[in-house]
């Protein structure tokens, strides 16, 4: 399959939690196929509507945000570089992850210290940046619509994305922006549907090379263990 953008994400290993998350979002990026949404009580809107924004990305935590390849590089080059990177980096063990609100959407966020994870993400941004083509004007304008700080604008110009380095906050998105009633209802539903399956500790044990297809959905191309 041909992809027009690539990204480096953390994705879940195969198992019950990955299945629950794919059911919730309605898209399994590892298998490259849709899932049927669960029928849950307490919701004030359909799951498909609540999860529309994050669905195309699959359930993930961003490490290096989506980018177009430079004309001098191939997807195979990127895959080889990611494999070499993962071979030199160790897994990151978090105390856990917890369901929480980020503005008007819900996500899983780390519990406890994140210094090791922040360093891993920063290293990936820097060391794989040779494969990233600069963002075009349309993308820059879309990012700037969020009223970036001066530091975020500098990150956008240098790394193609405003929320990297010290602006990075690892999270795994579960909903799009919601009204307060929908947000509260989705939070209650996820407390029952997903939270009981969350492991503690929570280990970032691999990084995944992702590709975006012509329909805008991301697929897991490979999941590479951190073995350093």
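With a requirement of 1 or more residues that are under 25 Å from residue 117 (Cα atoms), the helices (runs of 4 or more DSSP H) lying completely within segment 1-97 that satisfy it span 16-25, 52-55, 75-88. For segment 185-194, the condition of being outside any helix (DSSP H, G or I), farther than 30 Å from residue 1 by Cβ and either under 16 Å from the mean Cα position of the chain (by Cα) or in contact (Cβ under 8 Å) with a residue 12 or more places away in the chain (or both) holds for none of the residues.
Within segment 53-73, residues that are touching a residue at least 40 places away in the same chain (Cβ under 8 Å) and on the phi > 0 side of the Ramachandran plot have Cβ atoms under 9 Å from residues that are buried (at least 17 other Cβ atoms within 10 Å of the Cβ) and in a strand (DSSP E or B) in these pairs: 58/9; 58/27; 58/28; 58/210; 58/218; 58/219; 58/220, counting only partners at least 6 apart in sequence or on another chain. Of everything in segment 1-31 that is surrounded by fewer than 14 Cβ atoms within 10 Å (Cβ to Cβ) and farther than 26 Å from residue 110 by Cβ, the residue that is modelled with the highest pLDDT is 4. Can you say whether residue 82 is under 30 Å from residue 15 (Cα atoms) and surrounded by fewer than 20 Cβ atoms within 10 Å (Cβ to Cβ), as far as the supplied structure shows? Here the answer is no, as residue 82 does not meet what is asked. Please verify whether segment 96-119 includes one or more residues that are within 16 Å of residue 54 (Cβ to Cβ), in contact with a strand residue (DSSP E or B) (Cβ under 8 Å, 6 or more places away or on another chain) and free of Cβ contacts under 8 Å to residues at least 12 places away in the same chain. Yes, some residue in segment 96-119 is within 16 Å of residue 54 (Cβ to Cβ), in contact with a strand residue (DSSP E or B) (Cβ under 8 Å, 6 or more places away or on another chain) and free of Cβ contacts under 8 Å to residues at least 12 places away in the same chain. Would you check if residue 34 is at pLDDT 95 or above, farther than 29 Å from residue 75 by Cβ and more than 17 Å from the chain's Cα centre (by Cα)? No, not satisfied. Beta carbons closer than 7 Å, at least 6 apart along the sequence or on distinct chains, pair a first residue in segment 30-48 that is in contact (Cβ under 8 Å) with a residue 12 or more places away in the chain and on the phi < 0 side of the Ramachandran plot with a second that is in a loop (DSSP other than H, G, I, E, B) and surrounded by 14 or more Cβ atoms within 10 Å (Cβ to Cβ) for 30/11; 35/26; 37/26; 47/37; 47/38; 47/40; 48/26; 48/37. Evaluate segment 130-151: report whether one residue or more is in contact (Cβ under 8 Å) with a residue 40 or more places away in the chain, closer than 27 Å to residue 83 by Cα, surrounded by fewer than 18 Cβ atoms within 10 Å (Cβ to Cβ) and out of contact with any helix residue (DSSP H, G or I) (no Cβ under 6 Å at 6 or more places or on another chain). There is at least one residue in segment 130-151 that is in contact (Cβ under 8 Å) with a residue 40 or more places away in the chain, closer than 27 Å to residue 83 by Cα, surrounded by fewer than 18 Cβ atoms within 10 Å (Cβ to Cβ) and out of contact with any helix residue (DSSP H, G or I) (no Cβ under 6 Å at 6 or more places or on another chain).
Within segment 193-226, the set of residues being closer than 22 Å to residue 110 by Cβ and exposed (fewer than 15 other Cβ atoms within 10 Å of the Cβ) comprises 195, 196, 197, 199, 200, 201, 203, 225. For segment 110-129, a residue qualifies if it is part of a strand (DSSP E or B) and crowded, with 19+ Cβ neighbours inside 10 Å, and exactly one does: 110.
The values are calculated or read from the model by the stated rules, or taken from the named source; none is laboratory data. Owing to the predicted nature of the structure, the values given are computational and were not obtained by experimental measurement. All Cβ positions, glycine included, derive from the backbone under ideal geometry; neighbour counts span all protein chains shown.
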